[in-house]
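Peer 1: Have a look at this one.
The values are calculated or read from the model by the stated rules, or taken from the named source; none is laboratory data. Everything quoted here is computed from the prediction, not taken from an experiment. Here Cβ is always computed from backbone atoms with ideal geometry, including for glycine, and neighbour counts include all displayed protein chains.
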Amino acid sequence: MTGFNEPAPTQTALLLLGRGTDAGSERGVDCPGELPAPSDPNLVERARAAKEALGGSVFVLGHHYQRDEVIQFADVTGDSFKLAQQAAARPDAEYIVFCGVHFMAESADILTGDHQRVVLPDMAAGCSMADMATASQVEQCWEDLTAAGVAADTVPMTYMNSSAAIKGFVGREGGVVCTSSNAERALRWAYERGEKVLFLPDQHLGRNTVVRQMGFELDDCVLYNPHKPNGGLTAEELREAKIILWKGHCSVHGRFTLDCVEEMRERKPGVNILVHPECTHEVVAAADHVGSTEYIIKTLDEAEPGSSWAVGTELNLVRRLANAHPDKEISFLDRTVCYCSTMNRIDLPHLVWALEELVAGRVPNQITVDPETAKHARAALDRMLELP
Ligand code: 13P
Ligand code: SF4
């Protein structure tokens, strides 16, 4: 097989990878300590030594989109569902170092005991999709649904990619959290309890799941825009909809277009298109296989030697998979670089800094959720973890 074809770099992607400076992208979050220089030749050794010194008191979780330099130090790697399960299953670890993004670390804090501390090596590791729904916007939406007379028959549901406050709202209103690996099961659970679902904040995961896996028509979905009065919908539209989708999306997965799929099929006849369900509906409809990052890994592990694949998800993961399967032809679905810039915030210097702070007896960048929010968010997370 030929090696992995690197997509063409873009100026923004290089900036986000730290090969330039863009103060605006820091979003006002600075590292509160002294970061080791990225050029320090001893970073790998320092990370290893700090982990060894911490022993069983630390457990490092790594999301599949993390950089290779970070993922090598993860005790467990996974999609967001597996990482939530793993966080809940490690009561002996005093420190959970979460190499992922903010909403994942918040969920870990909610699912771990009071004696455990969750650390996010870089506080700027957020998620632009999660930021597309604020708690006050969601409260306003619920008021709109109440005024239209539909709230009582609606079960709110949120994708894991949302703040703890939104998970808390959903838990308080009897709803459930889902991830891309259990969205269908969670939706079926919700429709056993109500006539409608309010799905937050990823319109694509919601639409793709009900249309692809549950036989809904596109017309059964309406889109609630939090920036418009009444979400831009009439009371009649809210009453007729089977699912009310929040107008949020992932900009990384939004990069994959129908053109990318068609061009790939032309360039590589026989290619299998494998994408994440955060891609748009037209991309998902044109793909051959759709699933979470864990599903993508499993599908490629089980693929026939010699088979050809184009994968529509974050580039760190796709490159790692291509290197792990030299007997299969694995390409990136977009022609240009497409990293999740916030996942990439966690680099080896930040990880070394966080681990060395723990060795020194200080807890850096601790993620805490207030007890009232955590109580309701936990109810929604527990419902997800208990799904059949
Ligand atoms: P997974 O749950 O599939 O890992 O997805 C998380 C995520 O943020 C994808 O963009
Ligand atoms: Fe958020 Fe998209 Fe990055 Fe996932 S890939 S963490 S949804 S911005």
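Peer 1: Given the conditions (1) assigned to a helix (DSSP H, G or I); (2) surrounded by fewer than 18 Cβ atoms within 10 Å (Cβ to Cβ), which single one is not true for PHE216?
Peer 2: For PHE216, the exception is condition (1).
Peer 1: Out of (1) closer than 30 Å to VAL155 by Cα; (2) in contact with an Asp or Glu (Cβ under 7 Å, 6 or more places away or on another chain); (3) among the charged types (D, E, K, R), the odd one out for ASP347 is which?
Peer 2: So the condition that ASP347 fails would be (1).
Peer 1: Of everything in segment 267-292, what is within 22 Å of the chain's Cα centre (by Cα), more than 16 Å from ligand 1 (Cβ to nearest atom) and in a helix (DSSP H, G or I)? Give them in sequence order.
Peer 2: Across segment 267-292, the qualifying residues are HIS281, GLU282, ALA285.
Peer 1: Quick one: what pairs do we get from segment 226-249, first residue surrounded by fewer than 16 Cβ atoms within 10 Å (Cβ to Cβ), second part of a helix (DSSP H, G or I), C-beta under 9 Å, 6+ apart or different chains?
Peer 2: Pairs found: HIS227/GLN137; PRO229/ASP144; ALA235/ASP144; ALA235/ALA147; GLU240/ASP219; GLU240/ASP220.
Peer 1: Being away from ligand 2 (no atom under 16 Å from the Cβ) and over 24 Å from LEU233 (Cα atoms) is the filter here, so list the residues in segment 139-173 that pass it.
Peer 2: Matches in segment 139-173: ALA165, GLY168, GLY171, ARG172.
Peer 1: Within segment 167-200, how many residues are closer than 23 Å to SER136 by Cα and among the basic types (Lys, Arg)?
Peer 2: Looking only at that region, the number is 3.
Peer 1: When segment 129-167 is examined, which residues are found to be part of a loop (DSSP other than H, G, I, E, B) and among the β-branched types (Val, Ile, Thr)?
Peer 2: THR134, VAL150, listed by residue number.
Peer 1: For segment 169-188, check the following and say yes or no: at least one residue is closer than 16 Å to LYS247 by Cα and surrounded by 24 or more Cβ atoms within 10 Å (Cβ to Cβ).
Peer 2: No; the residues of segment 169-188 include none that is closer than 16 Å to LYS247 by Cα and surrounded by 24 or more Cβ atoms within 10 Å (Cβ to Cβ).
Peer 1: Among the strands (runs of 3 or more DSSP E) lying completely within segment 24-103, list those that include at least 3 residues that are modelled with pLDDT of 95 or more and more than 16 Å from ligand 2 (Cβ to nearest atom).
Peer 2: Per the criteria, 58-63, 95-99.
Peer 1: Go through segment 320-335 and give me each residue that's of a type in the set (A, V, I, L, M), in contact (Cβ under 8 Å) with a residue 40 or more places away in the chain and outside any strand (DSSP E or B).
Peer 2: Once the filter is applied, which keeps residues that are of a type in the set (A, V, I, L, M), in contact (Cβ under 8 Å) with a residue 40 or more places away in the chain and outside any strand (DSSP E or B), segment 320-335 yields ALA322, LEU333.
Peer 1: Residues that are modelled with pLDDT of 95 or more and within 16 Å of ligand 1 (Cβ to nearest atom): does segment 219-238 have at least one?
Peer 2: no
Peer 1: Taking the options ARG212, ARG207, name whichever one is in contact with a His (Cβ under 8 Å, 6 or more places away or on another chain) and among the charged types (D, E, K, R).
Peer 2: Going through ARG212, ARG207 in turn, just one is in contact with a His (Cβ under 8 Å, 6 or more places away or on another chain) and among the charged types (D, E, K, R): ARG207.
Peer 1: Oh, and also: Please go through segment 151-186 and give me each residue that is charged (D, E, K, R) and closer than 19 Å to GLN85 by Cβ, ordered by number.
Peer 2: LYS167, GLU184, ARG185
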